[in-house]
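Reviewing the structure listed below.
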Amino acid sequence: MMRAFERFPNLVTMFFTRAGEEGDKPFLWRKEAGSWRALTWTETAVQVATLAAALKAEGIGPGDRVMLVMENRPEFCIADLAIMAAGAISVPTYTTNTTRDHDHILTDSGARAVIVSTTKLARPLMPAVLRSNVRLVIGIEALPQVQSDAFTCHRWNDLIAAHKGDVAACAAAQTMQRDDLACIIYTSGTGGSPRGVMQHHGAILTNVAGCVAIIAEDFGWGEEVFLSFLPLSHAYEHSGGQFLPIGLGAQIYYSEGLDKLASNIEEVRPTIMVVVPRLFELLRARVLKAVEKQGRVPALLLQQALRIGGKGMAGQRLSLLDWPMRLLVDRTIRPKVQQRFGGRIKAMVSGGAPLNPDVGTFFHALGITLLQGYGQTEAGPVISCNRPRVGIAMDTVGQPLPDVEVRIAEDGEILVRGELVMKGYWRNEAETARVIRDGWLHTGDIGELDTKGRIRITDRKKDLIVNDKGDNIAPQKVEGMLTLQDEIAQAMVSGDKRPYIVGLIVPEAEWLAQWARDRGVEPDLRVLATSPDLHSALRAAVDRVNAELSATERVRQFIIADEPFTTENEMLTPSIKIRRHVIRDVYRERLDALYRA
């Protein structure tokens, strides 16, 4: 009999229920001294109850905001739950935030307390704390010395040791209802200051229930293992990488970081991973390079795997000659690729940004089930997801989750209604009224529904380029195709109110290094950005893309960026989306000059 997912009144009750069921089974894993070590469900529940008691003892009560500045680690989950268990509201923030970012969030949220993990993360935080209304700072590591009587500082371990948590009493004391505010997630935003999205318990629980239904009905709900590596301050990982595993009674392993992600996947052998498209683009490039180095036969097998897989995704029947080749592919290249993902992956769920259909088809052809989903922080964040039982279509983002209504407005905008829709933006009634009208969340995305009710996103309403002839061009499509080229890592195109599209190109680092070695020069972008030879090499890649585009979409001219887009130079959001307004401000004169060339 299929296991049913219960209807919980709040997230904390869901956690304590699962902790009671799972007991001494492992729950939260981290790597210490080269070995993976786990906290059990029972040990985690004790720490949650203890920290909740400590927060209450320090004067944190119902409705107070508590900011979290922490990388992915067991303490993030414990602190997040403890804040809610104390009746307060969690405010997760990015570890890449600057002092200015912390200033904005502390001021806007009116946070009374902050929990920070490391000394390094505390350095840009503490100047902002000094200018805020924060009265309590808790550090897992030692905090920088600050001379102030405005707030009290505690070490995590000392605070835990000074209090005793009663799990049963803490669980019984949870009176929050689904309509009550659970957290404020600040959207990184591609323009302007971050806005605080008010997510209530019911919004996240609706997401969890909907995702559990997909896992249970399409794959079978078993002993699930997650590997967490996307920032937990992002709504996608917060709901999908933390509360979904809790709802499933799953284990969570915390990755050591992107540089060790590949080895972590092989060690942990996850069953489900929450990912972003950029990761797949990087993995695709690595697989292609690895196969290329192995010689002609593996390259031919990969080519055949992609051809046969492409037929399957397109719903085409295999010919008699295809079957022996499929059998050979199944016994050679597919097992090797699957082993790189641990060998027991049920599904990798892609969200956070549009996925190029070619990338999705690539992994499906190699036996990796990739489910593209769609959502927004304002909707819990998951709105829809592809699922095998309906049929995976890589040019769609799947059907809406259970209990989620989607309709297409007259102008093509995707509208969403249901318990998953946020309460609004924190202290921003005007913006709330703009995006939520008559109970419908106006997503700003343009799309359509196919015959199976799957959402197909065609454009982003506010990101559309409208050229001087009135033609609409979706920049994400062009940029996505550019970054699939081996030579190109990142790209931004522009051309609003202009006669044609121009671009800004960031060369792929390994390709650039090899190109520079072959010519005996240093791979310094700031020096090479004006190199005619490098421009010609990249021109070939741009021309390949242009051959697949309509006349209005083609990139006529481009310049080479001085440096990659990163969160440090503020050209990328923490969720790896380009900040167009920042990039345009830096390169405006050079991009404008392309129209005078």
- Task: Please enumerate the residues belonging to the range 284-317 that are under 29 Å from the mean Cα position of the chain (by Cα) and farther than 18 Å from residue 338 by Cβ.
- Result: 285, 289, 310, 314
- Taking residue 449 as the residue in question, decide whether it is at pLDDT 95 or above, more than 22 Å from the chain's Cα centre (by Cα) and of a type in the set (A, V, I, L, M, F, W, C). yes
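Of these, 476, 490, which one is within 30 Å of residue 537 (Cβ to Cβ) and touching a Ser or Thr at 6+ places or on another chain (Cβ under 8 Å)? Break it down into steps so the answer makes sense when it comes.
Working: 476 fails: touching a Ser or Thr at 6+ places or on another chain (Cβ under 8 Å).
Sole residue among the options that is within 30 Å of residue 537 (Cβ to Cβ) and touching a Ser or Thr at 6+ places or on another chain (Cβ under 8 Å): 490.
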- Query: Does residue 315 meet the test of being in a loop (DSSP other than H, G, I, E, B), within 29 Å of residue 225 (Cα to Cα) and among the small types (Gly, Ala, Ser)?
  - Reply: no
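Run down 132, 109 and say which single residue is more than 17 Å from residue 76 (Cβ to Cβ), free of Cβ contacts under 8 Å to residues at least 60 places away in the same chain and not charged (D, E, K, R).
On the way: 109 fails: free of Cβ contacts under 8 Å to residues at least 60 places away in the same chain.
Of the residues listed, the single one that is more than 17 Å from residue 76 (Cβ to Cβ), free of Cβ contacts under 8 Å to residues at least 60 places away in the same chain and not charged (D, E, K, R) is 132.
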- Among the residues of the range 357-372, how many are of a type in the set (A, V, I, L, M) and in a strand (DSSP E or B)? 2
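Conditions tested, residue by residue: (1) surrounded by fewer than 22 Cβ atoms within 10 Å (Cβ to Cβ); (2) assigned to a strand (DSSP E or B).
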residue	(1), (2)
308	yes, no
339	yes, no
345	yes, no
355	no, no
374	no, yes
378	no, no
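With respect to residue 143, determine if the residue is surrounded by 13 or more Cβ atoms within 10 Å (Cβ to Cβ) and part of a helix (DSSP H, G or I). Explain how you work it out, then say what you get.
On the way: surrounded by 13 or more Cβ atoms within 10 Å (Cβ to Cβ): yes; part of a helix (DSSP H, G or I): no.
So residue 143 does not fit the description; no.
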- Task: Kindly list the number of the only condition in (1) closer than 30 Å to residue 25 by Cα; (2) out of contact with any helix residue (DSSP H, G or I) (no Cβ under 8 Å at 6 or more places or on another chain) that fails for residue 204.
- Result: (2)
- Query: Condition test on residue 150, is it more than 19 Å from residue 76 (Cα to Cα) and crowded, with 20+ Cβ neighbours inside 10 Å?
  - Reply: no
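Quick check on my filter: what residues within the range 554-584 are of a type in the set (D, E, K, R), more than 23 Å from the chain's Cα centre (by Cα) and not in a loop (DSSP other than H, G, I, E, B)? Step through it out loud before you land on a result.
Looking only at the range 554-584, we keep the residues that are of a type in the set (D, E, K, R), and these are 554, 556, 562-563, 568, 570, 577, 579-580, 584.
In the following step, the residues that additionally are more than 23 Å from the chain's Cα centre (by Cα) were identified as 554, 556, 562-563, 584.
Result: 556, 584.
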- Taking the range 18-74, which residues are assigned to a loop (DSSP other than H, G, I, E, B) and under 23 Å from residue 122 (Cβ atoms)? 58, 59, 60, 64, 70, 71, 72, 73
- Go through (1) touching a residue at least 40 places away in the same chain (Cβ under 8 Å); (2) over 25 Å from residue 386 (Cβ atoms) one by one and return the number of the condition residue 179 breaks. (1)
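Can you tell me which of 132, 148 is in contact with a Phe, Trp or Tyr (Cβ under 9 Å, 6 or more places away or on another chain) and assigned to a loop (DSSP other than H, G, I, E, B)? It would help to see each step written out before you state the result.
Values: 148 fails: in contact with a Phe, Trp or Tyr (Cβ under 9 Å, 6 or more places away or on another chain).
Only one candidate qualifies: 132.
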- Query: Among the residues of the range 91-112, which ones are among the small types (Gly, Ala, Ser) and surrounded by 24 or more Cβ atoms within 10 Å (Cβ to Cβ)?
  - Reply: 111
- Scan the range 478-519 residue by residue and report those that are over 23 Å from residue 586 (Cα atoms) and of a type in the set (S, T, N, Q). 485, 514
- Query: Restricted to the range 426-457, and to residues that are surrounded by 15 or more Cβ atoms within 10 Å (Cβ to Cβ) and hydroxyl-bearing (Ser, Thr, Tyr), which residue is farthest from residue 396 (Cα to Cα)?
  - Reply: 432
- Tally of residues being hydrophobic (A, V, I, L, M, F, W, C) and either free of Cβ contacts under 8 Å to residues at least 24 places away in the same chain or in contact with a Gly (Cβ under 6 Å, 6 or more places away or on another chain) (or both) across the range 42-53: 3
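Does the range 299-318 contain any residue that is touching a strand residue (DSSP E or B) at 6+ places or on another chain (Cβ under 6 Å), within 20 Å of residue 458 (Cβ to Cβ) and in contact (Cβ under 8 Å) with a residue 24 or more places away in the chain? Explain how you work it out, then say what you get.
Initial filter on the range 299-318 (touching a strand residue (DSSP E or B) at 6+ places or on another chain (Cβ under 6 Å)): none.
Checked against the condition, which is being touching a strand residue (DSSP E or B) at 6+ places or on another chain (Cβ under 6 Å), within 20 Å of residue 458 (Cβ to Cβ) and in contact (Cβ under 8 Å) with a residue 24 or more places away in the chain, the range 299-318 yields no hits at all.
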- Query: So which pairs qualify, if the first residue must be in the range 537-555 and more than 17 Å from residue 476 (Cβ to Cβ), the second must be in a loop (DSSP other than H, G, I, E, B) and not hydrophobic (A, V, I, L, M, F, W, C), the Cβ gap must be under 8 Å, and the two must be at least 6 apart or on different chains?
  - Reply: 537/487; 538/487; 540/487; 541/485; 541/486; 541/487; 544/485
- Message: Given the criteria in the same structural domain as residue 55 (by TED's automatic domain parsing), touching a Leu at 6+ places or on another chain (Cβ under 7 Å) and under 19 Å from residue 64 (Cβ atoms), does residue 138 qualify?
- Response: yes
- Item | Flag for residue 395 being in a strand (DSSP E or B) and modelled with pLDDT under 90 | no
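Go over the candidates 160, 115 one by one and state the one that is buried (at least 18 other Cβ atoms within 10 Å of the Cβ), among the aliphatic types (A, V, I, L, M), assigned to a strand (DSSP E or B) and in the same structural domain as residue 73 (by TED's automatic domain parsing). Quick ask: steps written out before the conclusion?
Values: 160 fails: assigned to a strand (DSSP E or B).
Being buried (at least 18 other Cβ atoms within 10 Å of the Cβ), among the aliphatic types (A, V, I, L, M), assigned to a strand (DSSP E or B) and in the same structural domain as residue 73 (by TED's automatic domain parsing) holds for just one of 160, 115, which is 115.
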- Selected residue (criterion: surrounded by the fewest Cβ atoms within 10 Å (Cβ to Cβ)) from residues of the range 460-474 that are within 30 Å of residue 390 (Cα to Cα) and touching a helix residue (DSSP H, G or I) at 6+ places or on another chain (Cβ under 8 Å): 460
- Those residues of the range 521-569 which are surrounded by fewer than 17 Cβ atoms within 10 Å (Cβ to Cβ) and under 30 Å from residue 232 (Cβ atoms) amount to 563, 564, 566, 568, 569
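Specify the residue that is surrounded by the most Cβ atoms within 10 Å (Cβ to Cβ); the eligible residues are those in the range 398-415 that are assigned to a strand (DSSP E or B) and free of Cβ contacts under 8 Å to residues at least 40 places away in the same chain. Please lay out each step first, then the result.
Step one: list which residues in the range 398-415 are assigned to a strand (DSSP E or B), which gives 399-400, 405-408, 413-415.
From what's left, free of Cβ contacts under 8 Å to residues at least 40 places away in the same chain: 405, 407, 415.
On the way: 405: 13, 407: 12, 415: 17.
Only one residue tops the list, namely 415.
The values are calculated or read from the model by the stated rules, or taken from the named source; none is laboratory data. Being a predicted model, the structure only gives us computed values, none of them experimental. Reconstructed Cβ throughout: ideal geometry from the backbone, glycine too, with neighbour counts over all protein chains shown.
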